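The values are calculated or read from the model by the stated rules, or taken from the named source; none is laboratory data. Keep in mind the model is a prediction, meaning the values are calculated, not measured. All Cβ positions, glycine included, derive from the backbone under ideal geometry; neighbour counts span all protein chains shown. Accessible surface is based on the protein model in full, side chains and every heavy atom, while ligands, DNA and RNA are left aside. Shrake-Rupley method; radii C 1.70, N 1.55, O 1.52, S 1.80 Å.
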Amino acid sequence: VIDDDADILLFCKSLVEAHGYLVKTANSGAAGLAAAASENPDLIILDIMMERINTGYEVAETLGRDIPILIFSSMLNPSDTVFDVESAPWRDMIPKPIEGEILLAKVREHLGV
């Protein structure tokens, strides 16, 4: 999980770990890229707006589509057509405030379990 909000990191980590997954966190785009390079994650949950308005997008572009990426932001609405998930560097999006059941469903979906 990559987000600059400590409360979001704790919420996501606690919730997902409680369902049997190992979760690593990073509090910045740079820390997230470093962690992804060293950890080889199966899934990344990424805030789109961090230190700068486009930090999350830059992280997603750098990582590419080899690793499934779920983005979240208070600025997103999955029903909007602003982002084309097929051409975006992420696989799916979750609006903030994050609903635990939606987050878990997306994690299971993208990990294939």
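Listed values, structure above:
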read-out: The chain - charge dipole about Cα centre, Lys and Arg +1 at Cβ, Asp and Glu -1, debye rounded to 20; value: 180 debye
read-out: Computed lengthening from TYR21 to THR62, 0.36 nm per intervening residue step minus Cα-Cα distance; value: 12.3 nm
read-out: Average accessible area per residue (Å²) across the chain - probe 1.4 Å, nucleic acids and ligands excluded; value: 55 Å²
read-out: Pair-distance profile P(r), taking every C-alpha pair of the chain, with 10 angstrom steps and integer %; value: 14, 54, 31, 1
read-out: Ordering of 31-39, 8-16 by packing [mean C-beta count within 10 Å, highest first]; value: 8-16, 31-39
read-out: Hypothetical label at ALA37: residues of the range 47-63 whose amide nitrogen lies under 13 Å (7 Å Cα-Cβ projection); value: 62-63
read-out: Summed residue charge, Cβ within 11 Å of ASP47's Cβ, Lys/Arg positive, Asp/Glu negative; value: -3
